[in-house]
Amino acid sequence: MPYKITIIGTTFALFHILIVAPFVPFINIFPVALAALSMSSMALALVLAARWPMIDWVLGGPDKSYKAHRWLGFFALSGALGHWVLAVPSGTAILPILSESGEDIGNLALAGLIIMTAMALVRVVPYHLWKRSHFLMGPIFLFSVYHSFFVPSPLAVGSPPWILMAIVSVCGGAAWGQTLLRKRKPMRFVKVEDITPFDGGLDITLRADTTLPSFRPGQFAHMAKDGTRTEAHPFTIAGGDATSRRFMIRSAGDWTDEFVRTVKQGDKFRLSHSAGRFLPKIHKKRNEQLWVAGGVGIAPFLAALEQMEPDCGRSVTLIYCIRSHASSAAMDDVKEFAGRLPQLDLIICNAENGDRLTPTSLTHIMRNRPMTTEAYLCGPEPLKAMVKGTWETIGMNGPIHEEQFDFRSAYTLSELKSIVRPSVYWALNWVSKKKGIAHAATGS
Ligand SMILES: Cc1cc2nc3c(=O)[nH]c(=O)nc-3n(C[C@H](O)[C@H](O)[C@H](O)COP(=O)(O)OP(=O)(O)OC[C@H]3O[C@@H](n4cnc5c(N)ncnc54)[C@H](O)[C@@H]3O)c2cc1C
């Protein structure tokens, strides 16, 4: 677990123990604190999923919110499992007639939480199936609220932790309401105006009949086929004017494969408003910039260069990494921008010519650049990891901004096996040691 998450997670868990400890008997402190931790984590996860722009802004964009949302999911499940293992029936129920159902509903909520978390983690569960099922997290939270307030509890009605749980329940419920409303937000109709294929995808322009909501270079929008309740996928806006949007779409799975194979001029789609906080700096008053793009990751930088004016501000170095000339959707564009913008330094790394971006070549590119240079990365994870590693090695202290192209970040089965295996071995070890000690004690 990353260091920062460990600190935040431990503080968050300790906070719940401190809030609960003065108000329940010693034996109940951990089970009640774990239950409170689970409830707060679920409520906060629902608040992040509600996608209130201010909260996204504070967290640094939707992809960062998703990351926090995932960790809160882990805390919610660990808290609920710990509570389930440690909880002992005690205290009084607000309405004794409902206490039995409170218990049953609690078990149902826990089972739901386990299943939903497993579905989110396992990549074999198709994205759209997972996305639809994940919606059930709202009802699961409401079940947990019912359980928290109607099961016999050592927490006195009106005590500070009880009030905290009441506030958390209202916030979580309101956030889920917002998510239901958000889903009803209309998307704008657009038609396919222009299609340019490249190896592995399409460079496409969509046009609307009326002015579209504005976007900032670097932002993305969700696109869905015309029709109700069709699945929507996020793509970074690669450019556009008041009524058009350009996208570079790579075949990556079932929806994009079909899109790339079948889309034709005149096809109708729905487009959401733009979102995202990956915003390469285009104004003159900027720090030195390093922009690293891999494949369709060039999209946010194309939108930025399209809106950039020639200036004598700090230089912008764009490193465009491609598999081959045929797979590069934007070669002509970037060369044209390099011709128009004196501040732009264009470096093309074409693997087909054996020209890959490496720690050595990047270190060479970065020599004599100010340590405060800002980096913007958009592309495959290994490329971003290499740049981040090199950035640290050469002691750059400018901020690194990156866009996640995979909010879910689910694991393959072999990845899950390598994650779970050590903890299973540890648990088995612990049990056999316990058994060994027991045997030694009883001499049996
Ligand atoms: C902020 C952002 C910007 C993106 N910009 C571009 C772009 O400019 N060009 C481009 O080709 N791709 C882009 N992507 C990736 C693109 O959204 C996925 O490749 C696409 O959604 C895959 O859908 P699929 O059904 O074809 O594949 P699937 O097989 O369903 O999924 C393939 C991968 O894409 C992810 N994915 C699937 N559906 C979604 C969804 N609705 N939302 C988020 N992730 C999803 C899955 O987690 C999985 O890892 C972007 C993704 C994000 C999050």
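Computed over the alpha carbons of the range 300-444, Rg followed by Dmax gives 24.3, 86 Å. Take the Cα of Val424, step 7 Å toward its Cβ, do the same at Phe23, and the gap between the two points is 4.0 nm. Counted over the range 174-221 with a bin width of 5 Å, the fraction of Cα pairs per bin, in whole percents, is 5, 14, 15, 19, 20, 13, 9, 5, 2, 0. With 5 Å bins beginning at zero, the pair-distance distribution over Cα atoms of the range 188-275 amounts to 3, 15, 28, 29, 18, 6, 0 %. Considering only Cα atoms, the convex hull volume of the range 3-183 works out to 122 Å³ per residue.
In this structure, Trp84 and Lys225 have a Cβ-Cβ separation that, at R0 = 35 Å, corresponds to a calculated FRET efficiency of about 0.25. Does anyone have the angle between helix 381-393 and the longest principal axis of the chain? Alpha-carbon axes, 0 to 90°, nearest 10? Once rounded, the angle reads 90 degrees. Fully extending the segment from Ser315 to Trp57, taken as 0.36 nm per residue of separation minus the present Cα-Cα distance, adds 90.2 nm.
Compared with the dominant Cα axis of the chain, that is its longest principal axis, helix 137-150 is turned about 20°.
In the range 259-328, the ratio of gyration radius to Kirkwood radius, Rg to Rh, stands at 1.06 when only Cα atoms are counted.
Cross-link reach is defined here as a Cα-Cα straight distance under 23 Å, omitting same-chain residues fewer than 8 places apart; for Lys284 the lysines meeting it are Lys335. The packing ranking, built from the mean of other Cβ atoms within 10 Å per residue, places the peptides 309-317, 74-82 in the order 74-82, 309-317, highest first. Remark: the Ile7-Thr92 segment gains 27.1 nm on full extension, using 0.36 nm per residue and subtracting the alpha carbon distance. A cut-off under 10 angstrom between Cβ atoms defines the neighbours of Arg270, and their net charge, with Lys, Arg +1 and Asp, Glu -1, is +2. When each of the peptides 281-292, 352-363, 13-24 is scored by how many other beta carbons lie within 10 Å of its residues on average, the order from highest to lowest is 281-292, 13-24, 352-363. Less than 5 angstrom separates the built amide H of Ser315 from those of Gln289, all sequence-distant by 5 or more or on a different chain. With angles folded into 0 to 90 degrees, how steeply does helix 160-182 sit against the dominant principal axis of the chain? Use alpha carbons for both and round to 10. So the inclination is approximately 40 degrees. Heavy-atom accessible area, probed at 1.4 angstrom with all protein chains present, ranks Trp52, Trp57 as Trp57, Trp52, highest first. Shape class of the range 136-183 from the Cα gyration tensor (axes a ≥ b ≥ c, square roots of the eigenvalues): oblate, since a/c reaches 1.5 or more and a/b does not exceed b/c. Residues whose amide H falls under 5 Å from that of Arg277, counting only those 5 or more places apart or on a different chain, are Asp63, with hydrogens built in the peptide plane. Neighbours of Ile394, meaning other residues whose beta-carbon lies under 11 angstrom from its beta-carbon, give a summed charge of +1 when Lys and Arg score +1 and Asp and Glu score -1.
May I ask you to derive the FRET efficiency for Glu100 and Leu142 from their Cβ-Cβ distance with R0 = 22 Å, giving the value to the nearest 0.05? FRET efficiency, Glu100 to Leu142: 0.75.
Under 8 Å for C-alpha pairs, at least 6 residues apart: give me the relative contact order for the range 283-381, rounded to a whole percent. Over the range 283-381, the number comes to 40 percent. By the equivalent-ellipsoid construction on the alpha carbon gyration tensor, the chain comes out with semi-axes of 47, 27, 21 Å, ordered largest to smallest. Rolling a 1.4 Å probe over the protein heavy atoms of the chain, with every protein chain left in place, gives an accessible area that is 65 percent carbon and sulfur.
Charging the Cβ of each Asp and Glu at -1 and of each Lys and Arg at +1, and nothing else, the dipole of the chain about its Cα centre rounds to 480 debye. For Arg323 and Lys131, what does the FRET efficiency come to when R0 = 25 Å and r is the distance between their Cβ atoms, rounded to the nearest 0.05? Efficiency for this residue pair is about 0.30. Pairs Lys384/Lys417; Lys225/Lys281; Lys281/Lys388; Lys4/Lys384; Lys64/Lys281; Lys64/Lys131: which exceed 22 Å Cα-Cα? In this structure, Lys384/Lys417; Lys225/Lys281 lie more than 22 Å apart at Cα.
Summary of the geometry: the range 230-277 and the range 189-222, compared by the centres of their Cα atoms, lie 6 Å apart. When you count the other C-beta atoms within 10 angstrom of each residue and take the mean per peptide, 99-107, 59-67 line up highest first as 59-67, 99-107. Taking the DSSP bridge list for the chain and keeping only pairs wholly inside it, about 55 percent are antiparallel. Within the straight-line cut-off of under 14 Å between alpha carbons, the aspartates and glutamates reachable from Lys264 are Glu193, Asp194, Asp203, Asp226, sequence neighbours fewer than 8 places apart in one chain being disregarded.
The values are calculated or read from the model by the stated rules, or taken from the named source; none is laboratory data. Small disclaimer: the values here were computed from a predicted structure and weren't measured. Every residue, glycine among them, receives a Cβ derived from its backbone with ideal geometry; neighbour counts consider all protein chains shown. SASA here: full protein model, heavy atoms, side chains in, ligands and nucleic acids out. Shrake-Rupley method; radii C 1.70, N 1.55, O 1.52, S 1.80 Å.
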